[in-house]
Amino acid sequence: MGCGVSAGEFRQTGKLPTKDQLIEEYQTTRYRVRNAIAVLADTVAIGDSDNDLTMIEVAGIGIAMGNGEQCAKDAADWVADAVDASGLAHAFERLGVV
């Protein structure tokens, strides 16, 4: 897709990007961001602690493990059974993965 003038190219050539190059770079970046969001909306995240919060919150479906910390449960779309009660397997079954 688009290719603007990089900092390295500017140092080598001394040429600034043209208006068309800047517009193309903007459109390319916008396209990439939109696709990343669409892909992110189709993801599932499963976590159990505070270090998983961002992942749980930004995924299309955020799942906390039943034995996890309350903050993970609060951030999740739903809470699976505890790990030692086959929670991960049950979550995969509910998602239709297995």
Val58 - accessible surface, heavy atoms, 1.4 Å probe, Å² rounded to 10: 80 Å²
Kirkwood Rh, Cα atoms: Rg over Rh of the range 34-79: 1.02
Estimated FRET transfer efficiency (Ala82, Asn35; beta-carbon r; R0 41 Å; 0.05): 0.70
Scattering profile of the range 11-98 at q = 0.20, 0.24, 0.26 Å⁻¹ [log10 I(q)/I(0), Debye over alpha-carbon scatterers]: -0.88, -1.08, -1.17
Carbon and sulfur %, accessible surface of the chain computed with the full protein complex present, 1.4 Å: 54 percent
The chain: most fluctuating residue of Ala75, Ala36, Ala45 per GNM, C-alpha cutoff 10 Å: Ala36
Gaussian network model of the chain, springs between alpha carbon atoms under 10 Å - residue of Asp52, Asp74, Asp20 with greatest fluctuation: Asp20
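The values are calculated or read from the model by the stated rules, or taken from the named source; none is laboratory data. Just so it is clear, the model here is predicted, and its values are computed rather than measured. Heads up, the Cβs are rebuilt from the backbone with ideal geometry, glycines too, and the neighbour counts pull from every protein chain shown. We work out accessible area using only protein heavy atoms, side chains counted, and drop any ligands, DNA or RNA first. Shrake-Rupley method; radii C 1.70, N 1.55, O 1.52, S 1.80 Å.
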